[in-house]
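Colleague: Just passing along the structure, written as structure tokens.
The values are calculated or read from the model by the stated rules, or taken from the named source; none is laboratory data. It should be emphasised that the depicted structure is a prediction, and the values quoted were computed from it without experimental measurement. Cβ: placed from backbone, ideal geometry, glycine included. Neighbour counts: every protein chain shown. Remember, those area values only see protein heavy atoms, side chains included, never the ligands or the DNA or RNA. Shrake-Rupley method; radii C 1.70, N 1.55, O 1.52, S 1.80 Å.
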Amino acid sequence: SKNQAEFTSHQSRQLKEIDLRLFGNIFFVFFIDGASGRVRVRTLPVDQVDEIVCNPEDAKEPWFYLRAWTQMDVDGKSTLYKVAYVDWRYSQDTKPTSVRGYSVDWDHPIYHVKTGGLGDMRFGVSEVYPALDWAKAYKMFLEDWATLARAYSRFAHKLTLPSNKMV
């Protein structure tokens, strides 16, 4: 099934765990069949979510996810789409048709999973991010060590023993 390929198989769960560690965010989109009630789950690419719009009175209550992406058709023509998806917990009586210039899609709610960061941050932070400074420092250490090893090697090659001595 399509949900298994995206969400419930062992491999897809492993891939989602990697995505969460690397990007700090996963945006699940629910495609609900009105007739049968069946739900198909997909995810949005993290780099396509421009902004998370929250309740103006409660910054911890997300309302909309603003997504922009360019799609190319078979003829090579590209089209820019700007869509605001509603949070799956949205419970306001008002249903705007647009949010900050993005048309609202009321039929496909989003469930956002984030990791890292602080409680009041709208986006998660990659678990890899804190390791970047250590990785750069270790890279510099290894480069310095290689330079030192080359210098020792040149020094060792310049040492010569007298030709009449046996080693």
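Colleague: Pick out the one residue from SER9, SER1, SER78, SER91 that is modelled with pLDDT under 90 and open to solvent by less than 90 Å² (accessible area, probe 1.4 Å).
Modeller: From the options SER9, SER1, SER78, SER91, the qualifying one is SER9.
Colleague: Could you pull out every one of the strands (runs of 3 or more DSSP E) wholly within the stretch 54-129 that has 2 or more residues that are out of contact with any Cys (no Cβ under 9 Å at 6 or more places or on another chain) and farther than 20 Å from ARG42 by Cβ? Spell out the reasoning first.
Modeller: Values: elements: 58-72, 78-87, 102-114.
Strands (runs of 3 or more DSSP E) meeting the threshold: 58-72, 78-87.
Colleague: Separate question: Given the criteria closer than 21 Å to VAL128 by Cα, surrounded by 10 or more Cβ atoms within 10 Å (Cβ to Cβ) and touching a Ser or Thr at 6+ places or on another chain (Cβ under 8 Å), does PHE28 qualify?
Modeller: no
Colleague: Further, regarding this structure: Hey, could you check the stretch 113-124 for residues that are closer than 16 Å to GLN48 by Cα and open to solvent by less than 50 Å² (accessible area, probe 1.4 Å) and say which is farthest from the chain's Cα centre (by Cα)?
Modeller: VAL113
Colleague: Follow-up. Please find, within the stretch 96-112, the residue that is nearest to ASN25 (Cα to Cα) out of those that are in contact (Cβ under 8 Å) with a residue 60 or more places away in the chain and open to solvent by 70 Å² or more (accessible area, probe 1.4 Å).
Modeller: Checked the stretch 96-112; the qualifying residue nearest to ASN25 (Cα to Cα) is TYR111.
Colleague: For the stretch 31-51, give me each residue that is farther than 16 Å from HIS112 by Cβ, touching a residue at least 40 places away in the same chain (Cβ under 8 Å) and either open to solvent by less than 60 Å² (accessible area, probe 1.4 Å) or of a type outside the set (A, V, I, L, M, F, W, C) (or both).
Modeller: none
Colleague: Here's a follow-up. Identify, by number, the condition in (1) in contact with a helix residue (DSSP H, G or I) (Cβ under 9 Å, 6 or more places away or on another chain); (2) at positive phi that GLY76 doesn't meet.
Modeller: The one condition GLY76 does not meet is (1).
Colleague: Would you pick out the residues in the stretch 58-72 that are touching a residue at least 60 places away in the same chain (Cβ under 8 Å) and not basic (Lys, Arg)?
Modeller: Listed by number, the residues that qualify are ALA59, PRO62.
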